[in-house]
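Everything on this sheet refers to the single structure shown next.
The values are calculated or read from the model by the stated rules, or taken from the named source; none is laboratory data. Quick caveat, the model's predicted, so the values are computed rather than measured. We place every Cβ from the backbone using ideal geometry, glycine too, and count neighbours over all the protein chains shown.
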Amino acid sequence: MGTTVIDKVYINGEFVTPHGTELFDLVSPATGQTIGQVQLADEVDAEAAIAAAKAALPAWSATSREERIDALRRLQNAVAAKREELLAAVRLEYGAPFRNEWMVDTAIEAFADMVKTLETFAFTRQVGRATVEMVPVGVAGLITPWNSNVFFIADKMASALAAGSTVVMKPSEMSATQTRVMTEALHAAGLPAGVFNIVTGRGDVVGNTITRHPDVPKISFTGSTPVGKAIFRDSADLMKNLTLELGGKSPSIILDDADMSTAMSGALASGFVNSSQACVAGTRILVPASRYDEALAAAVEQLAMFPVGDPADPATAIGPMVSQKQWERVQGYIARGIEEGARLLAGGPGKPEGLPDGYFVRPTLFADVTNDMTIAREEIFGPVLSIIAYTDEENAIEIANDTDYGLHGYVFSADQERAMRIAARIEAGRVSVNGGYEPTSPFGGFKQSGIGREYGAAGLEGFLEMRSVMV
C-alpha cells in the first residue's frame, strides 16, 4: 500500500480532491513507521457532502423495501469482493492480529443482517384507530472511531440506508487506508449519487460541521464518552435525534460454581478482545473471595493463551495499541494502578520482551483491586485487567453496577438459570452468559455508555421517525 497520499474523499458519487489541505500522517502501530498520509477534508467538504445527501434524500426515501434490499445486497457483495484487501489494510494500519478476520467479516455480515431485518420489518403499524408510519429521519451524520473502522462504516450505513435515510459519514482520520478500500468497495455497488458520502477529517472540523448543521437531523456516533457529551451539547439547539454508543467498564462475573479454568479463559477473552481496544471489553473480572487464590492462579495460567506480538503471526492474540498517544495513555494507567496499591500479577510497564518497535503493551493483570481504584473506574482501552474479589452474589452485583458505565456485562457459571438471574440485575445494555452472542440484538448502553440502540430492528428504528395518522 506504499507511502502514498490518500487525497480523495467521496461526495455525490465521485472521488474528489478535498478542499481541505491538511496532511495527516498514517503510522503502522506494529512498527511505529509512517506508511502514508491522508489529505483531510474541511468544513467546505463537509458542507458539500451534506448538500449531496440532502439532494439525494427525496428519491432515496421514496424507494421500496425491495429496492433497498437489492442495494444492501450489492453493498454486501462489493465489500466481500474486497475482503483480502480490507484485511491487509486493517492489519497494516490498525495492527489487528492475523486471527482478527472478524473485523472484516462482521462488516460483510452487517449488510446481510440488515437485509434479514428489512425483509420482515413493519414500517406501518396499527395502534387502535391510528396508523403509525415509520418514516426516514432524513440526512444522517455518521461518525465512526478507529478501533473497528470497517465494521462501523458498514453497520451504520446499512441501518441508515435501510431506513431510507441518506448518509454523510466521517470516519476517523487514523483509519484512512481502511476507509479508502471500503469506499472503493461501496462505490462499486452502484448506488445513486449522493445517497452516501464519506469525508475523512478531524472531529473538531468535519465532525463539528456535521453535528451542528441544520440539514442533518440525525447523528449516530461511536466513540468516547467525553466526545459523546460534546456532541450531545452541540445537538441541543437543533434537538437532533441522537444515537451515542460510548465507553464501557464492563464486569465479568465468575460465579462460585464455575469451572475456574474455563471461566477465566472466557473472562480473559472478553477482556482482551480487539487487543482490549474495545468499548465492550470485560476489564473488571469479579471472582469469589472463597476461590480467590485459585482464580489468580487460573488467570496467570490462561494468560499464556493470549500472547502479544506481531499482528502477522497467526499465534498473536494481542496486537499493538493504535498510536504512541494510546500507548502512553495505557502506560499511565499501569503506573497509576501500582501507585494506588494494586498488586501486579502479570505484565507491567514498558514494552514486551522482543518487541522494541511499535506500540506494544505487556498484557497486564492486577490483583487486589478495589472498585474505587482508578484502574477499576476509568476506561483504559488497552490490555490492563483488574481482578476484584466479592463476598457473595449480592456483593458481586453491587460491584458490577458500581460504575458510571453500563454497556456490557459477562457472567460465567455452571448453572445457566442462575447466571440468567444475575444477568437480569446487571445495569448494562447487553449481558453475555457463558460467551453467548447475538449480532442482531439491540446494542447500546445504560448510564454514561450512551443513548439509543444499534443493530437489527432497534438499529433500523434509530433512523426512523414515527408518524401517527388518526382517522
Check: Does the range 178-186 contain any residue that is crowded, with 23+ Cβ neighbours inside 10 Å, under 18 Å from residue 138 (Cα atoms), in contact (Cβ under 8 Å) with a residue 60 or more places away in the chain and of a type outside the set (Gly, Ala, Ser)?
Finding: no
Note to self: I want to confirm something. Restricting to the range 228-274 and keeping residues that are part of a loop (DSSP other than H, G, I, E, B) and hydrophobic (A, V, I, L, M, F, W, C), which single residue is nearest to residue 205 (Cα to Cα)?
What the structure shows: 238
Check: Hey, any hits in the range 277-285 for a residue that's over 30 Å from residue 216 (Cβ atoms), assigned by TED's automatic domain parsing to the domain that holds residue 384, of a type in the set (S, T, N, Q) and not in a helix (DSSP H, G or I)?
Finding: yes
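Rundown of residues vs (1) touching a His at 6+ places or on another chain (Cβ under 9 Å); (2) of a type in the set (Val, Ile, Thr); (3) not assigned by TED's automatic domain parsing to the domain that holds residue 172, yes/no style:
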| position | (1), (2), (3) |
| --- | --- |
| 222 | no, yes, no |
| 232 | no, no, no |
| 240 | no, no, no |
| 290 | no, no, yes |
| 300 | no, yes, yes |
| 309 | no, no, yes |
| 316 | no, yes, yes |
Notebook entry, point to check: Taking the range 290-306 as the region of interest, how many residues are in a loop (DSSP other than H, G, I, E, B), without any contact (Cβ under 8 Å) to a residue 24 or more places away in the chain and not small (Gly, Ala, Ser)?
Noted result: 0
Margin query: I'm told residue 73 meets every condition in (1) touching a Leu at 6+ places or on another chain (Cβ under 6 Å); (2) assigned to a helix (DSSP H, G or I) except one. Can you identify the failing condition by its number?
Written below: (1)
Item checked: Selected residue [assigned to a helix (DSSP H, G or I) and surrounded by fewer than 22 Cβ atoms within 10 Å (Cβ to Cβ)] from 158, 122, 112 -> 112
Item checked: Answer from 197, 149, 208 - the residue that is within 21 Å of residue 240 (Cβ to Cβ) and out of contact with any strand residue (DSSP E or B) (no Cβ under 7 Å at 6 or more places or on another chain) -> 208
Check: Which fully enclosed helices (runs of 4 or more DSSP H) of the range 357-471 have 2 or more residues being closer than 30 Å to residue 218 by Cα and modelled with pLDDT of 95 or more?
Finding: 456-461
Notebook entry, point to check: Got at least one residue in the range 20-36 being crowded, with 17+ Cβ neighbours inside 10 Å, acidic (Asp, Glu) and either within 15 Å of residue 170 (Cα to Cα) or assigned by TED's automatic domain parsing to the domain that holds residue 216 (or both)?
Noted result: no
Next item on the list: May I ask you to list the residues in the range 326-376 that are over 15 Å from residue 285 (Cα atoms) and acidic (Asp, Glu)?
Entry: 328, 339, 340, 353, 357
